[in-house]
């Protein structure tokens, strides 16, 4: 398998994480993440949260998020993929459209968010599985503090 | 080399990142990060920032942070290290003591911060080098939303 093949497969694996959240499908989410013998290595940092370690704990956090989200849609941009042997790092910007309250009754209840994510995948016999997800909100409107460049 | 050796070396490599920031030593910081042929893969997400990609751009961001920080000290806790072949993930909590304004004149100008970091290291002939640093502030005071566990 060439590295180009890896990149296409990784882009799909990364998209599957967000598709599972959008569909609020916990079984689908379970297939995204690393399982035994590495289940305890799994780490997830939701925006503003401390890290959650362990596959079961991480999936429980997603179940809670899904239960509290009536509607969510991700538009991924700036997807960067880098492979090193059996590990790959995918970074992307999550441009989020989400419903606050009863979105079906009032379209003005939709709100947007801008989050950046680092997703580390590990190659397994069953394909690339998510090992680490670290997401954080972007507060700055600039590209950083080096405006005097 | 056993995995136990790796863990000790990785803990030191991870500590070196924070020692370089504390010392405001950009050369030392440069030795922490991955270099050619992987310099362009380097990614850094400072708390609240969009990702910065590329070794030169990342080091420039650290130079800006060092220039604007009169005093900073890190107390690392919850350091978790996981190795997969030539890649390792280190997560830790950064308990930060930093100076706001002129700390030497007034000790009340010190402030604290709580940040979590995911640091991905890549094994190189010259040792473990930092590939990805993703840091984000912790807003929640609980361990997550699953308080009904």
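Every number here is computed from the coordinates shown, using simple stated rules; none is lab data. Model, not experiment: these values are computed from the prediction. When we count neighbours, we look across all protein chains shown, and the Cβ atoms used for this are built from the backbone with ideal geometry, even at glycine.
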- Query: What's the Cα-based Rg to Rh of segment B:17-80, Rh via Kirkwood?
  - Reply: 0.97
- Query: If you average 1/r over all unlike Cα pairs in the protein assembly as shown and invert the result, what Kirkwood radius do you get in angstrom?
  - Reply: 20.0
- Divide the volume of the convex hull of the Cα atoms of segment A:1-49 by its number of residues and quote the answer in cubic angstrom per residue. 117
- Note on the structure: Summing -39500 (n - 2.57) over every DSSP H run of at least 4 residues in the protein assembly as shown and dividing by its residue count gives a helix-only mean residue ellipticity at 222 nm, to the nearest 500 deg cm²/dmol, of -8500 deg cm²/dmol
- Message: Whole angstrom only: what separates the Cα centroid of segment A:77-100 from the Cα centroid of segment B:107-132?
- Response: 20
- Inter-copy label distances at residue A:12, 7 Å along the Cα→beta-carbon direction, one decimal in nm, shortest first? 4.4
- Query: Shortest first and in nm to one decimal, what separations exist between residue A:25 and its copies in the other chains, measuring from label points 7 Å along the Cα-to-beta-carbon line?
  - Reply: 5.2
- Task: State log₁₀ I(q)/I(0) for segment A:3-136 at q = 0.17 Å⁻¹ as given by the Debye formula over alpha-carbon point scatterers of equal weight, solvent excluded.
- Result: -0.90
